[in-house]
1. Would you tally the net charge around Gly178, using a Cβ to Cβ cut-off of less than 15 Å, leaving Gly178 out, and scoring K and R as +1, D and E as -1?
2. Is any residue of the stretch 181-195 close enough, with backbone N under 20 Å, to a label point placed 7 angstrom from the Cα of His167 along the Cα-Cβ axis, and if so, which?
3. Provide the per-residue ³J(HN,Hα) series for the stretch 45-59, in order, calculated from phi with Karplus coefficients 6.51, -1.76, 1.60 and θ = phi - 60°, each as a whole number of Hz, with x at glycine and proline positions.
4. Counting Lys and Arg as +1 and Asp and Glu as -1, what is the net charge of the other residues whose Cβ lies under 14 Å from the Cβ of Ser94?
5. Please arrange Asp115, Asp36 by how many other C-beta atoms lie within 10 Å of their C-beta, fewest to most.
6. If you take the alpha carbon radius of gyration of the stretch 138-242 and divide it by 2.2 N^0.38 Å, what ratio comes out, to two decimals?
7. Can you put Val86, Val162, Val171 in order of Cβ neighbours within 10 angstrom, beginning with the fewest?
8. How much length would be gained if the chain were fully extended between Val92 and Ser226, taking 0.36 nm per residue of separation minus their Cα-Cα distance, in nm to one decimal?
Amino acid sequence: MTFMRWAVPGIVLCGALAGCSGVVIGSGHFTRSYADRVPAAGLRELILQGGNGDVRARAAHVGAVRIRARIETSDIASLAHDTVSVSRSAGVLSVASVCPSAHIVFWRVQRCGIDYDIEYPANLRASFTIVNGDVTVLAPASPVTVGATNGDVTISQAAGDVAGQSHEGDVTVSLARGWRGRSIAMRSTFGDIRLAVPAGFRARVRTHTVAGDVTGVSSYPLGPASADLSTTFGDIEVHHSP
């Protein structure tokens, strides 16, 4: 899912806007980029909360959290105020989208979109939450929680505990070989649930769907881990990783 993607070649400006590495003026929209690097010493958890936009995050053997963002709006007057908030407290690094909002009928909506590209140390717990957009997390080694209101959630090659949830979107998880977690939670209201597990996977698998098919669940023996897979309108599938 992508927010405001009707860009055409435009004019590049930079100067007055803090954190700017190029303001692109196209047809009906304006964009700028944001970048930050936060040393990981003393951190134990990363929390990202966004509004409109996609998130792509990957865990790696690095010594800092690297944040890159693309900020997009249809109102150049607000572009200087649309930004990314980064703060740390008690070992937690918090990243949040800062966008003006407006009332449309009964809803309050953000008037800008921010796409994120995040690289973070593999030993950090992580949580990524977005309202409108897709979230993809690659190779999380520590527990990870991912949520989207409207968008798909994908967690690939997870080595620890996993929680993925979407209201309107698919939730897809693959576990790494030698997965050492104890808990898997995958939920959607309007979307499919897909879980890929390694050879030797053992867990108590519980499923629930109101309108959909369930396949592959009976193929796995009981074990100490738990896997709770639930959707209201969608299919549930559990299969071996290729």
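What follows draws every value from the coordinates through simple rules; no lab data is involved. No experiment lies behind these values; they were computed from the predicted model shown. Methodologically, a virtual Cβ is constructed for each residue, glycine included, from the backbone with ideal geometry; neighbour enumeration extends over all protein chains shown.
1. +3
2. Under 20 Å, as judged by backbone N against the label point of His167, lie 186-193 of the stretch 181-195.
3. In residue order, the calculated couplings are 8, 10, 10, 10, 10, x, x, 9, x, 9, 10, 10, 10, 9, 8 Hz.
4. With Lys, Arg at +1 and Asp, Glu at -1, the net is +1.
5. Going from least to most buried by this count: Asp36, Asp115.
6. 0.95
7. Ordered from fewest to most neighbouring Cβ atoms within 10 Å, Val86, Val162, Val171 come out as Val86, Val162, Val171.
8. 45.5 nm
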